[in-house]
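Trainee: Take this structure, written in structure tokens, and hold onto it; I'll ask about it next.
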Amino acid sequence: MPDAKGVDVTIRAVEAADMEALADLITQLGYETRTSEMQMRMETILANKNYATFVAVSKGKVCGMVGTFTRYTYEHNSPSANIIALVVSKEMRGRGIGHALIAAAETNLAERNIRRVAVLTRFERKEAHVFYEKLGYTKNGFRFLKELPMPAD
């Protein structure tokens with residue numbers, strides 16, 4: 001269905017045939033990914049009911065994706081969710097596709113009685129910060145990251 005900016009886009013669950021497009025999108029997000037790597041990752045993700053992955057399709061081509069993960073936490077009695085990936089292809093940005101993907105993810109979460117959703121985004125992604133704030137997300141903390149060493153063979 002066309003959105004407010006005239007883009008005919010359909011949001012649907014990810015399919016096995018989408019792996020090459022997903023690899024390209026994740027690469028555009030800044031994480032170099034081969035199709036074979038995406039297939040391997042998605043095998044694990046698709047086997048876990050806590051994940052949900054949706055793609056945006058326009059003119060038969062995947063042009064965006066959103067992925068969520070749900071879990072219980074120590075702080076709350078009900079499950080929470082994270083948007084762990086959102087990306088729209090460079091040539092399709094600014095056309096409402098990101099909004100449509102977030103709306104689909106939020107609808108899916110609400111249908112599963114999940115009322116709390118968070119998103120993590122890098123400090124340098126200022127446009128993403130504005131995007132999420134316009135959608136009603138608020139800043140409420142920081143994330144700290146540490147890469148652990150791999151055990152020796």
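The values are calculated or read from the model by the stated rules, or taken from the named source; none is laboratory data. Quick caveat: nothing in here was measured; it's all calculated off a predicted structure. Neighbour counts are summed over all protein chains in view; Cβ atoms, including those assigned to glycine, are modelled from backbone coordinates with ideal geometry. What goes into the accessible areas is simple: the full protein's heavy atoms, side chains included, and nothing from ligands, DNA or RNA. Shrake-Rupley method; radii C 1.70, N 1.55, O 1.52, S 1.80 Å.
Trainee: Tell me the carbon and sulfur percent of the accessible area for the chain, rounded to whole percent, probe radius 1.4 Å. Each step should come with its number before you reach the end.
Mentor: Working: 5760 of 10560 Å².
Answer for the chain: carbon and sulfur cover 55 percent of the accessible area.
Trainee: Taking the structure as given and computing Cα extents along the principal axes in Å, which label from [x] 42, 30, 29; [y] 49, 39, 31; [z] 51, 44, 35 fits?
Mentor: For Cα extents along the principal axes in Å, the calculated option is [y].
Trainee: Still on this structure, please answer the following. Pairs K49/K139; K59/K146; K59/K126: which exceed 32 Å Cα-Cα? Numbers along the way, then the final one.
Mentor: Working: K49/K139 28 Å; K59/K146 41 Å; K59/K126 30 Å.
In this structure, K59/K146 exceed 32 Å between Cα atoms.
Trainee: Any idea how far apart E124 and T73 come out in nm if each label point goes 7 Å out from Cα toward Cβ?
Mentor: 2.7 nm
Trainee: Another question, if that's okay. If each of A47 and T27 carries a label point 7 Å out from its Cα toward its Cβ, how far apart are those two points in nm?
Mentor: For A47 paired with T27, the spin-label model returns 2.6 nm.
Trainee: When the convex hull of the C-alpha atoms of the stretch 1-74 is computed, what volume per residue in Å³ does it have?
Mentor: Details: hull volume 9.4 nm³, N = 74.
That works out to 127 Å³ per residue.
Trainee: Right, something else. Can you show me the helix-derived [θ] at 222 nm for the chain, built from DSSP H runs with n ≥ 4 at -39,500 (n - 2.57) apiece and divided by the number of residues, rounded to the nearest 500. Working shown, then result.
Mentor: Values: 4 runs with 46 residues, N = 153.
Taken over the chain, the calculation gives -9000 deg cm²/dmol.
Trainee: Across 5 Å bins from 0, what is the distribution of all Cα-Cα pair distances for the stretch 64-130, in whole percents?
Mentor: Spelled out per bin, shortest first, that is 3, 16, 24, 24, 16, 11, 4, 2, 0.
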